[in-house]
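Coordinate-derived values only; no laboratory data. In this text, all values refer to a predicted model and were calculated from it rather than measured experimentally. Neighbour counts are summed over all protein chains in view; Cβ atoms, including those assigned to glycine, are modelled from backbone coordinates with ideal geometry.
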Amino acid sequence: MEQTLDTKDIQVLDTGKVFSISSQDSNYAYLGGDFSTNPNDYVEILIYDTNNNFLESSTVDESDYKSNPETGLKINTGTVLRKLGYDRGRYVVKYNFFRRAAGSNETVLVNTDGTIYTGEPIINSDGTISDTNNNKLLVKENKYYVHEISDSRSELRLAPEKINDVKYNDDFLKVQTERNYIKIENGVRFVAVNSEKIEDSVVLQTPPNQEVSKDIIGGILSINNAFVEKIIPPPGSEEDTGVGKDGETDDQSGRVDARFYIKDLSSAYPRSENQDLYFTRMYDGFKGVTTIQELENKYGTGTGADGKGFTIEDESLELEGIRNLDDEKWRPFELVHKSGRNNLITLKSITTRPLNLEAHYRWELSGYDRDGNSYERIVAGEAGNSDVQWTTPFGGNSRVIEGVGVDEASFAITSGDCHVGVRLTVTVQDVAPSTIIYPVVFETDEDR
């Protein structure tokens with residue numbers, strides 16, 4: 001077999017161990033099993049002339065190769081070459097066997113907001129592409145591009161294209177996390193095998209519409225509240241103000257209460273030093289609130305401090321449609337925008353939850369940027385072309401980052417006169433998720 005790694009790389013990567021990827025050893029389950037047993041497997045063909053000059057590459061159709069556990073993989077090279085237009089001649093053919101972790105070799109059409117277009121495209125006389133309503137469509141590769149290479153050239157940073165698709169963005173986040181959380185929506189049930197009693201069974205069956213990958217072998221399976229008949233809250237417990245906390249609080253009663261604070265402002269420019277890092281007033285006002293109507297019922301309809309204290313730009317977006325908060329009533333966190341320097345803010349969860357269970361965190365930015373006399377929803381991406389960007393974990397062009405254990409996140413505000421809100425949703429297995437949103441809680445103004 002041809003080796004494409006140089007000797008130095010082999011010495012670094014070679015462990016000297018030999019094992020089968022089809023092994024039931026839980027240490028290797030993450031590899032996904034034998035080739036062709038995983039739906040993400042594919043074969044790449046590289047075609048050269050007899051002088052070893054590269055001609056082209058392509059993906060082999062699944063119908064052109066067969067896998068047999070005993071004899072291995074058989075590829076019909078003649079058929080593959082003819083499909084690619086090589087009817088005659090002598091060629092050197094090489095194959096690569098890949099397992100896709102994220103993205104694909106396909107191209108997609110997207111609208112200007114990044115959503116994937118699945119209808120029939122129209123190719124115009126000037127070469128542009130549009131949908132049936134004459135809206136412009138863009139061609140994007142369903143891949144991730146190299147955003148930055150370290151000075152030592154030993155590390156690189158990938159970033160997603162502007163593709164607003166759940167699977168595309170989720171796959172990108174999953175390859176960055178060591179562990180992934182899978183929730184089985186409709187639960188599992190024990191099934192009896194052969195003549196054993198159901199109460200003695202250790203075999204679980206998932207719903208027919210939810211397949212479980214072999215990757216979970218060696219993972220942790222949690223069935224919450226399996227033996228719980230009743231939950232009695234502790235008597236006389238005092239309300240937790242959250243102020244002064246720097247970590248999460250354990251609560252074994254099954255309660256989840258999402259909350260966060262500002263952990264680090266060393267690379268930001270606060271307008272004053274005595275601002276509330278714990279958003280106490282915001283938390284008291286927005287806890288348990290999900291709609292504008294609920295806020296108006298609570299505080300009235302006035303936009304000043306004696307009422308609800310905010311201005312709405314787009315009612316259809318509910319709380320994310322708020323573009324400005326009254327400073328006296330809500331005390332948003334004020335930052336100074338300095339040309340050429342971003343405000344970098346680190347947030348950390350101080351959620352109350354059962355700490356013995358894994359938690360999935362979803363952080364989402366919202367808000368508005370003022371351009372002249374108009375307000376536009378904030379755009380995520382690189383500085384110069386956007387207003388905000390998640391930096392750790394890196395969020396690329398997405399306003400959302402999420403994952404198991406992502407209880408801390410940093411983002412940059414790159415523009416002035418920008419009002420940014422943050423939503424945190426914490427999900428613990430078999431417990432109702434908890435969400436807290438602080439609309440346009442950060443404000444940046446030009447230095448004055």
Read phi for every residue in region 278-287 and hand back ³J(HN,Hα) as whole Hz from Karplus 6.51 cos²θ - 1.76 cosθ + 1.60, θ = phi - 60°, with x for Gly and Pro.
-> 9, 6, 4, 5, 5, 5, 4, x, 9, 4
Putting +1 on Lys and Arg Cβ atoms and -1 on Asp and Glu Cβ atoms, find which of 283, 400, 343 reaches farthest to the positive end of the dipole of the chain.
-> 400
Can you pull the semi-axes for region 249-446, root of five times each eigenvalue of the Cα gyration tensor, sorted largest first, whole Å?
-> 25, 21, 15
Can you give the extra length, in nm with one decimal, that the chain gains between residue 315 and residue 194 once fully stretched, where that is 0.36 nm per residue apart less the Cα-Cα distance?
-> 37.7 nm
With N residues in region 34-99, Rg(alpha-carbon) / (2.2 N^0.38 Å) equals 1.16
If packing is taken as the mean number of other Cβ atoms within 10 Å per residue, what is the order of 116-123, 253-260, highest first?
-> 253-260, 116-123
Net dipole in debye of region 249-446 [+1 Lys, Arg Cβ; -1 Asp, Glu Cβ; about Cα centre; nearest 20] | 360 debye
Here the gain from full extension of residue 94 to residue 301, 0.36 nm per residue of separation minus their alpha-carbon distance, amounts to 67.6 nm
Förster radius 35 Å - calculated FRET efficiency between residue 291 and residue 209, Cβ distance, rounded to 0.05 | 0.65
For the pair residue 111 and residue 275, what calculated FRET efficiency results from E = 1/(1 + (r/R0)^6), where r is the Cβ-Cβ distance and R0 = 41 Å, to the nearest 0.05?
-> 0.55
Report, in whole Å, the centroid distance computed from the Cα atoms of region 54-71 and region 169-226.
-> 32 Å
Sparse-neighbourhood loop hits (trypsin sites (Lys or Arg not before Pro), region 97-139; DSSP loop; Cβ within 10 Å at most 16 others) -> 100
Roughly how many whole Å is it from the C-alpha centroid of region 388-448 to that of region 281-343?
-> 16 Å
What does the convex hull of the Cα atoms come to per residue for region 1-127, in Å³?
-> 238 Å³
Under the classification rounded if a/c is under 1.5, otherwise prolate if a/b is larger than b/c and oblate if not, where does region 171-220 fall, given a ≥ b ≥ c as square roots of the Cα gyration tensor eigenvalues?
-> prolate
Where Lys and Arg each count +1 and Asp and Glu each count -1, what net charge lies around residue 74 among other residues with Cβ under 11 Å from its Cβ?
-> 0
The chain: C-alpha gyration tensor shape, a/c 1.5 cut-off, then a/b vs b/c | oblate
Using 1/(1 + (r/R0)^6) with R0 = 22 angstrom and r between the beta carbons of residue 128 and residue 385, what's the FRET efficiency to the nearest 0.05?
-> 0.55
Can you tell me the order of 106-115, 39-48, 402-411 when each peptide is scored by its average per-residue count of other Cβ atoms within 10 angstrom, highest first?
-> 402-411, 39-48, 106-115
Along Cα→Cβ, 7 Å out, is where each label goes; now give me the distance between the ones at residue 179 and residue 253 in nm to one decimal.
-> 2.6 nm
Listed pairs 66/94; 162/183; 94/143; 143/174; 74/94 exceeding 19 Å between Cα atoms | 162/183; 94/143
Approximate spin-label separation residue 339-residue 138, in nm, with each point projected 7 Å along Cα-to-Cβ | 2.8 nm
Please give every one of the aspartates and glutamates within straight-line cross-link reach of residue 298, meaning a C-alpha to C-alpha distance under 14 Å, and leave out same-chain neighbours fewer than 8 residues apart.
-> 284, 306
Share of alpha-carbon pairs per 10 Å distance bin for region 307-387, given as whole % | 12, 36, 35, 15, 2, 0
Percent antiparallel among DSSP beta bridges confined to the chain, nearest 5, equals 90 percent
Relative contact order of the chain, defined on C-alpha pairs under 8 angstrom at six or more residues apart (%) | 12 percent
Dipole size in debye (nearest 20) for the chain around its Cα centre, Lys and Arg Cβ +1, Asp and Glu Cβ -1?
-> 900 debye
Difference of contour (0.36 nm per residue) and Cα-Cα distance, residue 79 to residue 156 | 23.9 nm
